[in-house]
Every structure is written in C-alpha cells, then in structure tokens.
Amino acid sequence: MELLKRYFLILVWGLYDLANQFFVLNITSLYFVRWITLEKEVAEVFYSLFFGVSMFLVAASSPFLGMISDIRRRYKSFLMYFTFLAIVSTAFLGVFKNPFLSLIFFAIANFGTQEAIIFYNSLLIHIAHPSRIGLISGMGKVFGYSGALIALHFTKPIYAHYGYQGVFIFTGIMFFIFSMPCIIFVREKKRIAEFSREKIKELFKSSRFILQNIFRQKHFLDFLKGTFLGLCVINTVILFMSIYATKVFGLENKEVVNFLIFSTFFAIGGSIFSGYISDYMGYKRTLVGVFFVWIVVLLCAVLFTSSFSIKFIGILGGFALGASWTVARALVTKITPSDKIGEAFGLFNLVGYFSAIVGPVFWSTVLFLFSHLNSLAYRIAFFSLIPFMVFGIVFILRLPELNE
C-alpha cells in the first residue's frame, strides 16, 4: 500500500509538469508568439521585452519567496496561488484582441507560471527517494512532454475552428484540469513552522546577505553561472524556434506543429534517459554532454535546411531540451541542504529568469542589427548563441562529481 501511495504521488506530481507544458507550448512557444509576430505583425523585440519584464519580476521576487517557503515549510500554497493567477490570465488572452493589451496579460500569465514552478520543483524532495531524484525528475519531464503532445494534438482542431483566441481559452482550461491533482493530493512532509514577527525580521536580515552567501559557495556559484549561460540559449530556442522554422526553413503553421510533435517524442526520451543515466554516471558529466548536444543543434540549424537536417535537428533538439531541465533540476537537490531547497530553487530559477531576459533580448538585438539580410539574419542570430553554451560548459566542468 505504501508503494502504491508513492507511485500515486509521483503520478499526480508529474501531472503538473503536463499542465505547465500546455502554457509553455501553446502560449510561449507556438500560438501566442505566432499570433503576435506573424498575424499582428508586432516586432519580435516587443515580445522579448514583455517576456523579459515578467521574468525580471519573477527574478526579483523568487529568492525572497523561496526563503519564506523554507521558513514556513509550506510550498503547496504558493504553488496554488500562482497557478490560479496564470490560469486566469491565460484565459483573458482569449478575450482581448488588442495585441499590446494581450501582451500585458501574457506577461502576468508568464509571471504566475514561472513563480509556480519554483514551488512545484521544491515538492520533488517530498515525493522522491534521494537515490532516485534524477529518475523522478526525468519522469516529471516525461509527463511534461507528453502534455506537449496532447496539447499539439488537441489544439489543432481548436485552432482550425476557433482561431488563436479559442486556443488561449482552451489552454487555460487544460492548465486548470491537469494542475489540480498535484495541488490536491501532494503534501509537504513537515508541518508548517510558526511565521512570527521575529521570523519576518530574520528573513529581511538574511535576504540582505543572500548574494554574499552565494559568492561564498564556490561550487553553487559555478553551477549558477553555467546554467545561466546554457539557459540563455535554451530559453531563446523555446521562444523563437517556431518563428525560425518559418523564416529559415520555410515551414507553414501545420508543418511547424508536426515538427514540434516529432521533436517532443525525443524530448520525452531525453527526459527519462538522462534522468536514469545521471543517477549512475554523474550529474555534472551528463549536463556537460547535454550542452555539447545543444552546440551541435545550433550548428545544424545555422548551416543546413534540407528535410533530413530538419529531422535531425528535431531529434537532437528534443533530446537536449528534455535532458537539460531533468539533469539541472536534479543537480540542484544534490548541492543543496534539504532545509534550503526552496531558497536554492528560488536562486536556480532566478538565473533561469535572467537568462530568459538576456538570451531573447540578445537574440532580438542581433536580429535587428542584421535585419537587412532577411533570413540570413536569423542564422547569424542563432550562431551568436553558441559562445553562451561553450562558456556554460566551462563553468559546469569546474564542479566536482557531487553525486558520488
């Protein structure tokens, strides 16, 4: 019975990854970005700026909220609040057709989604055995990319009959349905700690020295630097791959959807395979290998446009995408004491959020500077991301084999 309960908790925890993927795919990566940039003809830089502002707000608040959750030993209530904010704001995208008003609601929805992920990740240690953190993290991403397949399949007829606005409302509904099991059934192991006035003062005092404490932890700082640089690339690819596929590869909307479906199957495989391998081979070596795969993906996207190369990019890119989050999330739990897990994920997400600002804005700036070169500008912009990944590997190589 205890084993069945453990499996059930892993299942309902993983379903949140599935729910989150509806937003990431339908809003961030595919339908909303195409609606704004291709149909409404809003420049990519405006999408990057609104996305960047929302990520900056998350970055500014996430370490503080992470420390609050650690003091209270309460993660699920934060997960619930920010999830509902994301769901409601996503649904509002289907109500307003003004692009700049929609960008505001998009920024709010993205803020809620990204904040919620901090506390969803923090629940990992409450449902997984320490020796299987990597595997369970990978299983969560399997649910997530399965959600991407479900979203791609069921959203196509919604888009065909009701257009972009129907997709946005549908996404909010699916986000709600699949996030509820985790919110209802997953429980923290520890009871809620007292949150007195003295605790609040202690929190404010400790937050003043948070950066100083980070710089004292050399390995954790190297990890943050490496993942920041890597995530600059990954977040940019997530945001603009569908636009790149249209501008450079010449794919139509239906072909882009099929390309994403194809690559998502390999993201599922990358998630579970990398989680299993990292538990045995080491999280550092696995993450370095994944970053090398990303370099190959970028080079192929820049140099080739044949149908075979597109499929090859889909295979490698999907694998690398699934593996990146799986291994990085597991690595956080290995270099962090359990009583600081909320703060650690707050900091991990902090660098992720800044990377989601820096990467897309850098990419959009390069694209703007070379815009007179038409599709070649997109290739140059993608090529300019490779040094980020190279230096990310350098910092990750400084880490010891922390799981050994």
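The values are calculated or read from the model by the stated rules, or taken from the named source; none is laboratory data. Computed from a predicted structure; not experimentally measured. Glycine also receives a Cβ, built like all others from the backbone with ideal geometry; neighbour counts cover every protein chain displayed.
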| field | Residues (surrounded by 20 or more Cβ atoms within 10 Å (Cβ to Cβ) and over 24 Å from N258 (Cβ atoms)) located in region 136-182 | value | I136, S137, G138, M139, G140, G172, S179, C182
| said: Residue pairs, Cβ under 6 Å, 6 or more apart or interchain, first in region 168-190 and of a type in the set (A, V, I, L, M), second at pLDDT below 85 and not in a helix (DSSP H, G or I). List them. | reply: I169/G94; V186/L123
| task | Scan region 208-236 for residues that are in a helix (DSSP H, G or I), hydrophobic (A, V, I, L, M, F, W, C) and modelled with pLDDT under 90 and jot them down. | result | I210, L211, I214, F215, F220, L221, F223, L224
| field | Cβ-Cβ under 7 Å pairs, at least 6 apart or on other chains, region 268-281 side among the hydrophobic types (A, V, I, L, M, F, W, C), far side buried (at least 20 other Cβ atoms within 10 Å of the Cβ) | value | I268/V142; I268/Y145; I268/S146; I268/G322; I272/G138; I272/M139; I272/V142; I277/T286
| message | Yes or no: region 219-242 includes at least one residue that is crowded, with 20+ Cβ neighbours inside 10 Å, in contact with a Leu (Cβ under 7 Å, 6 or more places away or on another chain) and of a type in the set (D, E, K, R). | response | no
| message | For the list (1) modelled with pLDDT of 80 or more; (2) not in a helix (DSSP H, G or I), I need the number of the one condition that R74 fails. | response | (1)
| task | Could you tell me whether I335 is surrounded by fewer than 24 Cβ atoms within 10 Å (Cβ to Cβ), hydrophobic (A, V, I, L, M, F, W, C) and at pLDDT below 80? | result | yes
| Is it true that some residue in region 59-70 is at pLDDT 80 or above, of a type outside the set (D, E, K, R), crowded, with 22+ Cβ neighbours inside 10 Å and closer than 18 Å to V24 by Cβ? | no
| field | Per-region count, region 383-402, residues crowded, with 18+ Cβ neighbours inside 10 Å and touching a His at 6+ places or on another chain (Cβ under 9 Å) | value | 1
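Within region 111-133, identify whether any single residue is more than 20 Å from W13 (Cα to Cα), modelled with pLDDT of 75 or more, among the aliphatic types (A, V, I, L, M) and over 15 Å from the mean Cα position of the chain (by Cα), and answer yes or no.
No.
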| message | Conditions first: (1) assigned to a helix (DSSP H, G or I); (2) at pLDDT 80 or above; (3) over 22 Å from the mean Cα position of the chain (by Cα). Y47 passes all but one, so which condition is the exception? | response | (3)
| query | Among the residues of region 282-327, how many are surrounded by fewer than 23 Cβ atoms within 10 Å (Cβ to Cβ), over 21 Å from Y145 (Cβ atoms) and of a type in the set (K, R)? | reply | 1
| Residue within region 9-27 that is assigned to a helix (DSSP H, G or I), buried (at least 17 other Cβ atoms within 10 Å of the Cβ), in contact with an Asp or Glu (Cβ under 6 Å, 6 or more places away or on another chain) and in contact (Cβ under 8 Å) with a residue 60 or more places away in the chain present | no
